[in-house]
1. For the list (1) more than 18 Å from residue 129 (Cβ to Cβ); (2) surrounded by fewer than 11 Cβ atoms within 10 Å (Cβ to Cβ); (3) at pLDDT 90 or above, I need the number of the one condition that residue 13 fails.
2. Taking the condition of being surrounded by fewer than 17 Cβ atoms within 10 Å (Cβ to Cβ) and either at negative phi or at pLDDT 95 or above (or both), how many residues in segment 67-82 meet it?
3. Go through segment 115-152 and report how many residues are on the phi < 0 side of the Ramachandran plot, assigned to a loop (DSSP other than H, G, I, E, B) and not basic (Lys, Arg).
4. Return only the number of the condition from (1) within 23 Å of residue 53 (Cα to Cα); (2) assigned to a helix (DSSP H, G or I) that residue 98 does not satisfy.
5. Which ones in segment 57-89 are more than 23 Å from residue 135 (Cβ to Cβ), assigned to a loop (DSSP other than H, G, I, E, B) and of a type outside the set (Gly, Ala, Ser)?
6. Kindly indicate the residue of segment 18-51 that is part of a helix (DSSP H, G or I) and among the polar types (S, T, N, Q) and also nearest to residue 161 (Cα to Cα) among those meeting that condition.
7. So, in segment 153-168, how many residues would count as being loosely packed, with under 15 Cβ neighbours inside 10 Å and not in a loop (DSSP other than H, G, I, E, B)?
8. Can you find a residue that is farther than 22 Å from residue 88 by Cβ and at pLDDT below 90 anywhere in segment 126-136?
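The values are calculated or read from the model by the stated rules, or taken from the named source; none is laboratory data. None of the values given here were measured: they were computed from a predicted structure. Methodologically, a virtual Cβ is constructed for each residue, glycine included, from the backbone with ideal geometry; neighbour enumeration extends over all protein chains shown.
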Amino acid sequence: MGKAIIKVPGPASVMNGRRRNRGFTLVELMITLVLATLLLSLGVPAYNDHVERASTSKAIGDILTLSLAIDSFRLRNNDRVPDTLAELGIPIPTDPWGRPYQFLNIIDGKPNKGDVRKDGALNPLNSDFDLYSLGKDGLSKKPLNAKHARDDIVRANNGAFVGRAEDY
């Protein structure tokens, strides 16, 4: 008598009389697309917030460094505030948004009252010099409570505060 041959189904197995494909179904692709969209909708704002906080921190650090350089200049020059940042003799960085830091000599420069930065009650922020970044939008107004001044990074109270204008 002869031997019986039994075939074992291979990778493309037969189930219920049909061949089973190894591809994805439309439902599986839709679920994957929904999950990817959900992850992106959560991740992108968190990343943007992180970048914004890092930019603000860099501007604060730069303003503190420049303030120390100005104080050092004052010690070497009989308490005279420089007329410009270039007079410090150090490389002057741009702010994180690619714009120059704004500087105004208040003591020696005798600026007009309209040139001095002011808080919400219109009191001058500093009595020695103003040093600030225009912030992300690149726009500013003299009072800190103005719409275009809220994102500015400012030095106030003669250096006792350095941070976002809206936090002052």
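1. (3)
2. First, the residues of segment 67-82 that are surrounded by fewer than 17 Cβ atoms within 10 Å (Cβ to Cβ): 68-69, 71-72, 74-80.
Retained after the next criterion (residues that are either at negative phi or at pLDDT 95 or above (or both)): 68-69, 71-72, 74-77, 80.
Summing the residues that are surrounded by fewer than 17 Cβ atoms within 10 Å (Cβ to Cβ) and either at negative phi or at pLDDT 95 or above (or both) in segment 67-82 gives 9.
3. 18
4. With (1) within 23 Å of residue 53 (Cα to Cα); (2) assigned to a helix (DSSP H, G or I) applied to residue 98, the lone miss is (2).
5. 77, 78, 79, 80, 81, 82, 83
6. Per the criteria, the residue is 48.
7. In the first step, residues of segment 153-168 are kept if they are loosely packed, with under 15 Cβ neighbours inside 10 Å; the result is 157-158, 160-161, 166-167.
Right, trim to not in a loop (DSSP other than H, G, I, E, B) and you get 157-158, 161, 166-167.
Final tally of qualifying residues: 5.
8. Within segment 126-136, none of the residues are farther than 22 Å from residue 88 by Cβ and at pLDDT below 90.
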